[in-house]
Amino acid sequence: MAGYHTFGVKVQSKYLAIVQDKQQLFAILQSQEYQECLQEGMGWLVLGQGSNVLFKTDFKGFTIINRMPGIRILKETSTQALVEVGAGVIWDELVNWTLANKLGGIENLIRIPGTVGAAPVQNIGAYGMEVKNAIHEVIMTEIPSGNTHVFSNAECAFGYRTSIFKTSLQGKCVITAVRFLLEKNAAPLITYEPVQVELRRKNITHPTIQDTASAIATIRSEKLPDPAVLGNAGSFFKNPIVNETLIKELIRVHPDIKYHSAENGFKIYAGWLLEKAGWRGSKKGAVGCYEKQSLVLVNFGGATGQEIDDFASEIECSIKSRFGITLEREVRCIPFDNKKE
């Protein structure tokens, strides 16, 4: 499985199949091997690029690699385009396609690893933009019935790095396609200071969405390690949200704290917490925090999933002890506690 997830941990799955259409998916659901995994209580797992998972041990179930292709415009007006994309399409390929077709709505999410099918599950976001704001509908296949359902944006129950596909529908469906409502003549979203700084560095005063995407791509390439070189799953922890009482106390003790107001409190930059606690650039055996971005845990080569998990637990205890904040993992750890996705 090392080649099917970006942490590159050497683990195995009892069964693995690559699917490129619904017919192949249905065939798997009816296979003897799949039924065997269900009977043994081992369950199943769907992966795109495996860019948001950590295998702690071997997975004794059935792994489905989603490679369903296709990008097509379903309909368009003078201001918008409704685009249907196969769940197996590489996310960055879609972003570059939208930029080439001058369609805005996901350009700030450039260079995020993974596939289109994984984007709504996690409600991926970066530099002030979340994918939920561009998603019109999500098409999924119910497991084990094989029935197809179309979920509206509201039915997806999107939240900060979550959705219904990560909560009540986890382990009950496979996303096969996502429909995006994208904007023509879209204005760029450049609210984040690093983006503004990079645009100024490039002497761009009236940026387009293409300029903005290019600036963000540059920032990400300078801050984040290439999984092909250093195994990682991007940001390992979510930015915690705290109440007013705690943020006031933290500001009193740490005037340099990095945070901003959120819908239900105050969101603190998890990277700042780790840096303040001295984790940036730290290393233990073959595991460590990336020197340019402490929020990214990396496999320097040969680390086991359990070693990475233990390292993450040490960080969590450290942050809880120093700041009174409980970090929540953005990365999914496998096997799951309930032995199913």
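Bear in mind that the values in this text are calculations on the coordinates, not laboratory data. Only a predicted model underlies this, so the values are computations on that prediction, with no experimental measurement involved. Here the Cβ positions follow ideal geometry from the backbone for every residue, glycine too, while neighbour counts run over all protein chains shown.
If the viscosity is 1.306 mPa s and the temperature 10 °C, what Stokes-Einstein diffusion coefficient in µm²/s follows for the range 40-195 when Rh is the Kirkwood radius over Cα pairs?
98 µm²/s
For the residue pair LEU82 and GLU249, what label-to-label distance in nm results when each label sits 7 Å from Cα along the Cα-to-beta-carbon direction?
Using points 7 Å along Cα→Cβ, the separation is 5.1 nm.
Cα centroids of the range 1-43 and the range 196-252: how far apart, whole angstrom?
For the range 1-43 versus the range 196-252, the Cα centre distance is 34 Å.
Can you give me the C-alpha center-to-center distance between the range 270-341 and the range 101-164, rounded to a whole angstrom?
26 Å
Over all distinct Cα pairs, what is the inverse of the mean 1/r for the range 139-194, reported as the Kirkwood hydrodynamic radius in Å? Before the final figure, lay out the partial values.
Values: mean 1/r = 0.0738 Å⁻¹.
Averaging 1/r across every pair of different Cα atoms and inverting gives 13.6 Å.
Return the lysines within reach of LYS102: Cα separation strictly under 30 angstrom, same-chain partners fewer than 8 residues apart disregarded; answer none if there are no such residues.
Here the lysines satisfying the reach criterion relative to LYS102 are LYS75, LYS132, LYS184, LYS202, LYS223.
Within 10 Å, count the other beta carbons around each residue, average over each peptide in 252-261, 83-92, 108-117, and list them highest first.
Numbers: 252-261: 11.6, 83-92: 21.9, 108-117: 23.6.
Taking the mean over residues of other Cβ atoms within 10 Å, the ranking is 108-117, 83-92, 252-261.
When we measure straight from the Cα of LYS56, which aspartates and glutamates land under 16 angstrom away, once same-chain ones fewer than 8 places off are left out?
Those aspartates and glutamates meeting the cut-off are GLU307, ASP309, ASP310, GLU314, GLU330, ASP337, GLU341.
From the backbone phi of the range 145-160, what are the Karplus-calculated ³J(HN,Hα) couplings (6.51 cos²θ - 1.76 cosθ + 1.60, θ = phi - 60°) in whole Hz, Gly and Pro given as x?
Karplus values, whole Hz, x for Gly and Pro: 5, x, 6, 9, 10, 10, 9, 6, 4, 5, 5, 6, 6, 5, x, 5.
To the nearest 20 Debye, how big is the dipole of the range 71-184 about its Cα centre, given +1 on the beta carbon of each Lys and Arg and -1 on that of each Asp and Glu?
Working: 10 positive and 10 negative charges, 15 e Å.
It works out to roughly 80 debye.
Where nothing but the Cβ of Lys and Arg (+1) and of Asp and Glu (-1) is charged, how large is the charge dipole of the chain around its Cα centre, in debye to the nearest 20?
On the way: 37 positive and 35 negative charges, 96 e Å.
Here the size comes out at about 460 debye.
When only alpha-carbon atoms are used, what values of Rg and Dmax, in angstrom, describe the chain?
20.4, 62
Could you tell me what percent of the DSSP beta bridges with both partners in the chain are antiparallel, to the nearest 5? Present the calculation step by step, with values, prior to reporting the outcome.
On the way: 46 of 59 bridges.
Of those bridges, close to 80 percent are antiparallel.
Give me GLU76, GLU307 ranked fewest to most by other Cβ atoms within 10 Å of their Cβ, as a rough exposure proxy.
Working: GLU76 13, GLU307 17.
Neighbour counts put them in this order, fewest first: GLU76, GLU307.
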